Each structure stands twice: as C-alpha cells, then as structure tokens.
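I have placed the structure first, in the form of structure tokens, so that the comments after it can refer back to it.
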Amino acid sequence: MPQTPSSDTEDRRYRSKVAAIEPYGVDHIPDVERHGTPRSQFSIWFAAGMNFPIMVLGFSAVGYGLSLTAAVTAIVLGSLLGAAVMGILSQMGARLGVPQQIQSRGPLGFFGNFVPVAYINIFAGIGWAAVTIILGAQAIHRLAPAVPFWLSALVLVSIQLVVAVFGYNMIHFLQKILSVVLFLGFVMITVVSITHSTTVGFHANPHARFYIGGAGGWITFAGFFLSFLIAWWPFASDYSRYLPDDDRTAKRAGVYTVAGNFITLSWLGIAGAVLGGSAVSGEQPIDALARLTGSWAPVALIVVMLSSFSQNFLNVYGGAISIQTLRIPVSRRTAVIAICVISYIISLWADAGFEAKFKNFLFLGAYLIAPFGAALLLDYFAGGRKDKARIGELYDETRMLEWGFVAWVAGVIASVPFWNLSFYQGWVSVHHPGWGDLTYVVGFAVASVVYLLTYRLPGLRRSTGSTAGKRFTESAGTVAAPMTVSEETL
C-alpha cells in the first residue's frame, strides 16, 4: 500500500496565520500544522446557520396545514437528526485530517468518488452560493432600489471570492465575528417581526393548499430541515481537518458542531413558522421580512445581506476543494474563481421565482446526498476507516471502484419512486401522498444495507506500474513528476 500521506505532505508553515493564503488543497494536513480549538466548530456552523432561507422553510408550515405545535416538533426533530450526523462528520475531519470529499474515496473508490462528488459537492457548492447571493442581492436592492440586482450580486460574490481564496483560517476568523453580529441581528428580526405579526399561533388546517394529512405533512416538513443539513454533510470535515488529532478534541468538535447547527435551525425555523401565519399569499420572502419588521426593515435587510457571507464563504471554499478532488489540474484559487463566476450567472437566472427553484434544488440535492452519507458513515465505523494507517488508501488511484459506490447508486435508485419535486413526482409520492416525503429515509436505509452486505468484497483495481499517480501541487497549480506515494495534493 502507498505510504501514508501524513509523512509526505510537506510543512508549509501555514499554522494559524489569518492573512496568509492557505497553501493546502486536498492534502492530508500534517501534525505540525494542526491548530485551533473545538469551539471554532460552533462559531463556523452557528454563523452559517444564521441565514434567512431557514426562515423561508419555516413559512411552509401553514401551507401544509400543520398546527404550530406540530411544526415546532417537526423542526426540532429534523434539525436534531441532521445536526447529529454533522457532528460525527466533524469528528472524522479532526481525526483523519482530510476533507470530506477525500474521505468519500474510502467507500466509493478513487474514481467511483468522481460521480457523486461532481454532482453533489460541486453542484451543491455552486447552487447554495447562488441561493445566498440572490437573497443578499435582493436585500441590497430593497435597501437601495437604484442599485440593480446584477450589480449588488456582483459586489457580494467578489467579496466572497477574496475570502475563499485566503481559505481556512480567514474563514474561521470571519465566522467568529459574524456569529456575534448575526446573532444580535436575528434576535432583533425575531423579536420585531413576531411583535408586528398579526397571527402568532395557528391550528391545523385540512383546507391548506399543500395539505396531505397530518402525519404526511409533518414528515415532509421535518424533511425540510433535515435536508438543509444533509446539504452540508459532504463539507463538514473541511472545516475541522486542521484541529489537533486527539480523542478529546474530536469529540468536543462534534458536540460544538451539533450545537451550532441545531440551535440556529430550530430557532430560525420556529420563528419562520410563527411568521408564516402572517405571510401574504404569493409574497416574496424578502418582501415579507421587510413588511413584518416595519421601521426596522433597513437593519433586517442589512443582516440578511451579511448572512450571505457566512454561508457563501463555506459554499465557495467547499466547492473549490471538490473541483480539486476530481483531479482537475487547477489551483484552489482558480477553482474558487470558477465557482464564483458560475454561481453569479445562475443567480441572475434564478432570481425570478426564487422560492420554488430553491426548494427543488434543496430537495434534489438532499435526495442524492442521503445515501452518500450512509456509505461515508458506515465506512468509518464498520469499514475500519478510523484506522489512520489507512489514510494512504484515500490517495491511491489503483482503488478505482469500491462497493460503497454500488451502495450509493442502489440508495438513489430505490429512493426515486419517493421523490417529490415540482418537476417530477415518483410513483409513491403520487399514489400515497399521505405518507409524506420518505425519500431520505429510503435512500439512507437501502444504501446502508447494501454497504453492509458488500463492504468486505474486493473492489475494482488497476495496475499502474511503479507509481500510483502524479503529484499535484495546489499552490503552484502544476503537475510534477511521478511519485512513489499515491497522491499528496491531488
């Protein structure tokens, strides 16, 4: 087996420098570069969760005919399940020291990993970046109508590009600041908007537009908040992989990750549900926010604009790492630029009819990520990926295809009859709408079963002679001479 990359990745003296451009791409982070505290995982995810799209999801409770009590329990459970998995994935990053996208090479294989990473991670990074650019630009346009949407979106994406180029330390530094600023801002939004709301509580309504039954509506609505965090699953380790490698740090990082995600989703989801009772039919979410906050609307809109940064620093950075995982010979800097340009173009297209497009994007991504998460988790706990002596396997391109890829495909195919999108509805969702959206459960369960039945079987290998690959140096963006190890910064 190739040499473990931890003994091969050179010390580039990055440490905790905030104003230095991160020199590592998808490398294994050497022990000498490990720094930071577990508390950093709370601030980075708390700031990322302080985002208006979560309140937008909460608005949907009334549309599904749920009572406020049912909405609150659905939000809490969906948020808790998603946050719990995020906590585990964050622990994995601290122990293994590699991005989540590289970890998935374990169960899926070096090349088997290309398909889900190409769609799930890059698509998700670009899509979520576009979502938050749209909301931030709408907030600016609402504040200053003379500023066109395209210009405000361009300003936002330019700032996000610069921060994502600087990378890990800069992102953590700014997220600490934003976690405080956004906390105060969303406290104000919550208090003022609920005070101005005409309907604070609401009862179950079987005549609601999307009513599919009490149980089905509850399951579907809980899935909204679960899916929001499922979208982060492929990126969780990216922001914990520099932490010191010890059991106590890893466990505490997991706890802080759970707390940061759960608190924000529960809080803003419930606030959104409460406000949903006062929303005007067909009203854009940003317009509803401005109306409900009254004279405080300018401050609320500034908060929404700032929240676009807290999410997009992560979206753009994670998407860029995913591009490198595909062996595309570009630097992380170039990948960041590509992600920003594409997400900006998409934001110009998706601005009209934003809410419907947002939900389709959210659910489709989660449908495909749920079975991916099952394979990733089981590979770590059942497949022996905890063993750091096996990190070299993640950079070994002779491992072309592993059975985890089959498990992922099986989970996706099995879940298709349960899909419930505006442009496609599976057989089960059409004929049994009262069951609710069970896509995530089916995909995760089937992928888990297939993985457990097959993970001990040999995967598809190929012979490469004396070398397992070529070394890609992220900082220079060039391909160097072949190495005797697998790949350092592929």
Amide H neighbours of L66 at under 5 Å, excluding residues fewer than 5 places away on the same chain, with H built from the backbone geometry, are N205
For the chain, the longest principal axis of the Cα atoms and the Cα long axis of helix 247-276 enclose an angle in degrees, to the nearest 10, of 20 degrees
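Starting from the exponent 0.38 and prefactor 2.2 Å, build the expected Rg for the chain from its residue count and divide its actual Cα Rg by it. It would help to have the intermediate numbers written out before the result.
Details: Rg = 22.0 Å, N = 490, 2.2 N^0.38 = 23.2 Å.
Dividing the Cα Rg of the chain by 2.2 N^0.38 Å gives 0.95.
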Two-decimal log10 I(q)/I(0) for segment 11-80, as the Debye equation yields it once each C-alpha is a single scatterer, q = 0.21, 0.25, 0.26 Å⁻¹: -0.97, -1.19, -1.23
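With N set to the residue count of segment 151-252, report its C-alpha Rg divided by 2.2 N^0.38 Å to two decimal places. Walk me through the intermediate numbers first.
Numbers: Rg = 20.1 Å, N = 102, 2.2 N^0.38 = 12.8 Å.
So the Cα radius of gyration is 1.58 times the expected 2.2 N^0.38 Å.
Over segment 109-233, what is the mean sequence separation of C-alpha contacts under 8 Å (at least six apart), divided by residue count, expressed as relative contact order in percent?
Numbers: 27 pairs, mean separation 15.7, N = 125.
Answer for segment 109-233 is 13 percent.
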What angle, in degrees between 0 and 90 and rounded to the nearest 10, separates the Cα long axis of helix 354-381 from the longest principal axis of the Cα atoms of the chain? 40 degrees
Share of alpha-carbon pairs per 5 Å distance bin for segment 114-173, given as whole %: 4, 18, 18, 19, 19, 13, 6, 2, 1
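What percent do you get for the relative contact order of the chain when only Cα pairs under 8 Å and 6+ apart count? It would help to have the intermediate numbers written out before the result.
Details: 985 pairs, mean separation 147.3, N = 490.
Worked out over the chain, it gives 30 percent.
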Quickly work out the V155-to-S463 label distance, labels modelled 7 Å from Cα along the C-beta direction, and quote it in nm with one decimal. 6.2 nm
Using only alpha carbons, build the gyration tensor for segment 327-415 and give me the equivalent ellipsoid semi-axes, biggest first, whole Å. 32, 21, 11
How far is it, in nm, from the label point at H432 to the one at K251 when both lie 7 Å from their Cα along the line to the Cβ? 4.1 nm
Report the trypsin sites (Lys or Arg not before Pro) located in segment 184-275 that are in a DSSP loop and have at most 12 other Cβ atoms inside 10 Å of their Cβ, or state none. R209
In whole angstrom, how far apart do the alpha carbon centroids of segment 284-319 and segment 220-260 sit? 23 Å
Pairs of lysine in the chain with Cα under 30 Å and at least 8 positions apart or on different chains: total? 12
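Keeping every protein chain in place, order L143, L376 by accessible area at 1.4 Å, biggest value first, i.e. largest first.
Values: L143 75, L376 5 Å².
If we order L143, L376 from most to least accessible, we get L143, L376.
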What's the center-to-center distance, using Cα atoms, between segment 81-140 and segment 343-419 in Å? 8 Å
Please give the peptides 393-399, 343-349, 444-450 ranked by average Cβ packing (other Cβ atoms within 10 Å per residue), highest first, as a rough proxy for protection. 393-399, 444-450, 343-349
Heavy-atom accessible area of the chain with neighbours in place, 1.4 angstrom probe: carbon+sulfur share in percent works out to 69 percent
Residue span D31 to H203: 0.36 nm per residue of separation minus Cα-Cα distance leaves a gain in nm of 56.4 nm
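Could you please put F46, F423 in sequence from largest to smallest accessible area, using a 1.4 Å probe? Show your work: numbers first, answer last.
On the way: F46 15, F423 135 Å².
Largest accessible area first, the residues go F423, F46.
Run the numbers on segment 161-278 and let me know its relative contact order in percent, using alpha-carbon pairs under 8 Å that are six or more apart.
Values: 35 pairs, mean separation 54.1, N = 118.
Normalised by residue count, the contact order of segment 161-278 is 46 percent.
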Roughly how tilted is helix 149-166, in degrees to the nearest 10 and between 0 and 90, from the longest Cα axis of the chain? 30 degrees
Among F166, S322, G276, whose Cα sits farthest toward the positive end of the charge dipole of the chain (+1 at Cβ of Lys/Arg, -1 at Cβ of Asp/Glu, about the Cα centre)? F166
Hey, can you rank 210-218, 299-307, 451-459 by average C-beta count inside 10 Å, highest first? 299-307, 210-218, 451-459
If you take the beta carbon distance between K176 and L452 as r and set R0 to 56 Å, what does 1/(1 + (r/R0)^6) give as a FRET efficiency, to the nearest 0.05? 0.90
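The values are calculated or read from the model by the stated rules, or taken from the named source; none is laboratory data. As the structure is a computational prediction, the values presented were derived from the model and not from experiment. Positions of Cβ are backbone-derived with ideal geometry, glycine not excepted, and every protein chain shown enters the neighbour counts. The accessibility values were calculated without ligands, DNA or RNA, using every heavy atom of the protein model including side chains. Shrake-Rupley method; radii C 1.70, N 1.55, O 1.52, S 1.80 Å.
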